[in-house]
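Structure record follows, encoded as structure tokens.
The values are calculated or read from the model by the stated rules, or taken from the named source; none is laboratory data. Being a predicted model, the structure only gives us computed values, none of them experimental. Cβ placement follows ideal geometry from the backbone for every residue including glycine, while neighbour counts extend to all protein chains displayed. Note: accessible area is taken over every heavy atom of the protein model, side chains too, but ligands, DNA and RNA are not part of it. Shrake-Rupley method; radii C 1.70, N 1.55, O 1.52, S 1.80 Å.
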Amino acid sequence: MPSAASQFNTDATRMVADLGHRQMVQLSLSGYQKARTGNANRFQDWESARSRAAAIKDEAILHLDRYLEQFEEKLVARGAKVFWANDAVEARAYILDLARAKQARAIVKSKTMVSEEIHLNEALEKAGFQVVESDLGEFIVQLRHEPPYHIVFPAMHLTRGQISDLFQQKLGAAPTSDPEALTMTARKALRQAYLAADMGITGANFAVAETGMISITENEGNARLTSALPKTHVVLLGIEKILPRLADLSLFLPMLATAGTGQQLTCYNSLVGGPRSLEEIDGPEEMHVVLLDNGRTRLLADAEQRDSLRCIRCGACLNVCPIFRNVGGHAYGTTYQGPIGSVITPHLRGLQSWQHLSQASSLCGACTETCPVKIDLHHHLLQNRRNGVAEKGSPFQQIGFKAFAFVVNRPRLFGFAVQAMKCFAPLQRLFDATPADPVWPWTKSRVLPSFARKSFRDLWKQRTT
Amino acid sequence: MNTRDSILARVREALRGSTGHSARHGEPQGDLSSHSIPEEELLRRSVAEADTAESEVHATDGSIGVRRVLPKVPDDFAGQVALFAERCDSLKTEFLPCADDAAVSAQLKLLSDREGWESVAFPASSEIGALLANLSIAKLEVSRSTVKTDLEKVSAGITGCDALIAQTGSVLLTAISGGGRALSVLPGHHVVIASASQLVSDLPAAFELLERKYAPNFPSFMTFITGPSRTGDIERVLVLGAHGPRKLTVVLIGGEGGGKVIGEK
Ligand code: SF4
């Protein structure tokens, strides 16, 4: 298997050359940009809202132990069960055992990136359970056996034509180019899944410590159905989802909607705090909450980058990222794409295998500027690069930078080297941008700048004399 | 050590600081301006950077501070109704203000005829039944024994609510006021009956209301409904009725401070 880095190079190169795909992504995002700006402007003070949101998340993160305990205590008091999972293996094992104990035949899921992170579907299917993704975008990529393309818009890369072909093949639907007809086909297929399911699995956008509730933000209603109809409701969430107080949601719900989809509030923002109570007429008999670490405490230990745990997974940083917009979501090869994925994946899956994503950035800072919780994304990309080299640079990096340091620390040697390069330059021009070019790795996709006639040192000397 | 304790131990260890990447791997080469700063200081800065004044007051200033940043809402009732109506309009929620119960009954009859309802469902032993007296279609009173496949087949689900929110055009309902979790999401059309006194200005007010009304015994399910179900997952084209109701109608009874409250004990 090729390394993640070389796979990324191959995929990114292929996607960048795919003009149709790039246009598709730009077009999808153009409406979002407008709506988002419009809604941020409705806020009396969007910038202060960002500061507040960042401060509240920091408060939660800096007292995470206390808030997690409070969250658990409140939830358990209302009859839910809480399981703490160190890693993906433990989380999967718990849910598998539960599905077996409940003799669940059919399982319906609503969108949760954490389940992608722990590869839950594969595990459940391998164990013989039927799993249906109910979010329309997730349902489409599941039928295509693909991972989601974007953390908020999973099927953003597909045209209606491709989706129609897919539904014809897999669901026996009639061909159509009408998004509404396609949506209704999925609605019909999924209605049956909800009614038949014995177990519903959802994620959560927030976990409220004060009252022991999870909060789910959605537009379609699939998460509501998933948490209303099946007998057992399983919630899968990362430990960083904590918010201290219920009232904090009055800020976070509209901010998530604005940054995520450009809406003022998404269609459904639901709070679930346990299985049905005695006076209620329906709802699951059992609620199980799985709290997952899976590398998050490693990120927490890194004081420089722990602000990444503020992330509310709105996807805004992907939408504005020139890299994401050109290489697309699948090239990343990660659960979380875009700038936030490049920042946290090295912590979740290992720096050496995933630091290449931090190199794939122009460091333009658009992500940091748009992030509703003010994560210092582009500086973290820079820090990952530094950490990667400090930990274990490639021989090229180690020798190269040592040699560079040696030369630049010696003014005369440096002057000599510059002169030598100048002499060498016309020679290089002969082979410019051909495989015979000694600087081919650079010139195959870029132009080598030419030397100025006078160097800075020359100019400086002239100035002082 | 069980998994709970081991995670909590790691969290505490991480928060004690001094295990940051730069500390673990020695002083890195080059200067990124922050690596030489003690971790304690970094930690403090990352919080401070967010905005010192803000982060210190946000825990105590409660709704006042949030209100300074959220979208503005008029102070008066008429202004709030107008804002709610405007939000409904852009969300594609149908908004029907009615003077009194008789007007509500008449509206529901009109709705039923227009939409060609064959059946309606509503919470058993609620006042909604009386409002539907002049509808001669099948009526399902939802209770513990209701079968979900039956509920799925009804044309419309009619519920009360806990509040309407002017700022966002949202309906706030719970497993109690909404007749359970399924009634307001399974049928293809959801009709909400609210009294004018249930209109609140903004989201902070809605959360205050929830706390006042229920804490500490909150219903197991509470939801803010903002427009009919929708999706943009296919080429970002808006389609209504992805999984939940295709239609949402809000009926408001009475003028300022008035109207009948449905679904209250
Ligand atoms: S890093 Fe910020 S912008 Fe990116 S997904 Fe997270 S919260 Fe949104």
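Which of rounded, prolate or oblate describes segment A:315-465 when judged by the alpha-carbon gyration tensor and an a/c cut-off of 1.5? Don't skip to the answer; put the middle values down first.
Values: a/c = 2.04, a/b = 1.91, b/c = 1.06.
The shape class here is prolate.
Would segment B:77-253 count as rounded, prolate or oblate if I go by the C-alpha gyration tensor, calling it rounded below 1.5 in a/c and otherwise prolate when a/b exceeds b/c, oblate otherwise?
Details: a/c = 1.23, a/b = 1.17, b/c = 1.06.
Rounded shape, in that the Cα axes give a/c under 1.5.
First compute the accessible area of chain A with a 1.4 Å probe, then give the percent of it belonging to carbon and sulfur atoms.
Working: 11050 of 18910 Å².
Carbon-and-sulfur percentage of accessible area, whole number: 58.
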Among the listed pairs B:153/B:247; A:109/A:231; A:81/B:148; A:81/A:102, which are separated by more than 19 Å between their Cα atoms? A:81/B:148
So who's got an amide H within less than 5 Å of the one on residue A:213, skipping anything under 5 residues away but keeping other chains? H placed 1.01 Å off N, in plane. A:208
Would you mind calculating the relative contact order of chain A from Cα pairs under 8 angstrom and at least 6 residues apart, reporting the percent as a whole number? 19
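Ignoring ligands, DNA and RNA and using a 1.4 Å probe, state the total buried accessible area between B and A in Å², rounded to the nearest 100.
Numbers: alone 15470 and 23370 Å², together 29780 Å².
About 9100 Å² of accessible surface is lost on pairing.
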List, in order, the whole-Hz ³J(HN,Hα) value for each residue of segment A:25-35 obtained from phi through the Karplus relation with A = 6.51, B = -1.76, C = 1.60 and θ = phi - 60°; use x for Gly and Pro. 5, 4, 5, 4, 8, 5, x, 4, 4, 5, 5
5 angstrom amide H check on residue A:83, placed H, neighbours 5+ away: A:289, A:290, A:291
Calculated from backbone phi, Karplus (6.51, -1.76, 1.60) coupling profile of segment A:282-290 in Hz, x at Gly/Pro: 8, x, x, 7, 9, 10, 10, 10, 9
With every protein chain kept in place and a 1.4 Å probe, segment A:72-131 has an accessible area per residue in Å² of 46
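What ranking do A:194-202, A:392-400, B:64-72 get when scored by the average of other Cβ atoms within 10 Å per residue, highest first? Mind showing how you got there, number by number?
Values: A:194-202: 23.4, A:392-400: 11.1, B:64-72: 17.8.
Most protected by this proxy first, the peptides run A:194-202, B:64-72, A:392-400.
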For helix A:46-62, report the angle its Cα long axis makes with the longest principal axis of the Cα atoms of chain A; keep it between 0 and 90° and round to the nearest 10°. 80
Degrees between helix A:64-77 axis and first principal axis of chain A (Cα, 0 to 90, nearest 10): 20
Are there cysteines in the protein assembly as shown with no other Cys C-beta under 4.7 Å, and if so, which? A:267, A:311, A:314, A:321, A:364, A:371, A:423, B:88, B:98, B:161
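For segment A:43-294, calculate the relative contact order in percent as a whole number, restricting contacts to Cα pairs under 8 Å that are 6 or more residues apart.
Working: 439 pairs, mean separation 70.3, N = 252.
Normalised by residue count, the contact order of segment A:43-294 is 28 percent.
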A correct Karplus calculation of ³J(HN,Hα) over segment A:298-306, with 6.51 cos²θ - 1.76 cosθ + 1.60, θ = phi - 60°, whole Hz and x for Gly and Pro, returns 5, 5, 4, 6, 8, 4, 5, 10, 5
Let me check I've understood the local charge: for residue B:87, count other residues with C-beta under 12 angstrom from its C-beta, Lys and Arg +1, Asp and Glu -1. What total comes out? -1
Can you give the charge dipole size of chain A about its Cα centre, rounded to the nearest 20 debye, using +1 on the beta carbon of Lys and Arg and -1 on the beta carbon of Asp and Glu? 2160
Counting only DSSP beta bridges with both partners in chain A, the antiparallel fraction in percent, to the nearest 5, comes to 25
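If the convex hull of the alpha-carbon atoms of the protein assembly as shown is projected onto planes in all directions, what is the mean projected area in square nanometres? Don't skip to the answer; put the middle values down first.
Values: hull surface 143.8 nm².
About 35.9 nm², averaged over all directions.
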Amide H of residue A:130 versus every other amide H placed in the peptide plane: which residues, excluding those fewer than 5 positions away on the same chain, fall under 5 Å? A:107
What accessible area per residue comes out for segment A:168-230, rounded to a whole number of Å², with a 1.4 Å probe? 29
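Among residues other than residue B:200 whose Cβ falls under 12 Å from its Cβ, what is the net charge (Lys/Arg +1, Asp/Glu -1)?
Working: positive: B:212, B:213; negative: B:162, B:202, B:208.
My count for the surroundings of residue B:200 gives -1.
Using a 10 Å cut-off around each Cβ of peptide A:247-255, what is the average number of partner chain Cβ atoms that fall inside? Each step should come with its number before you reach the end.
On the way: counts 10, 4, 5, 13, 7, 1, 6, 9, 2.
Average neighbour count from other chains, rounded to a whole number: 6.
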Shielding of A:257-270 by other chains, given as the mean Cβ count within 10 Å, works out to 6
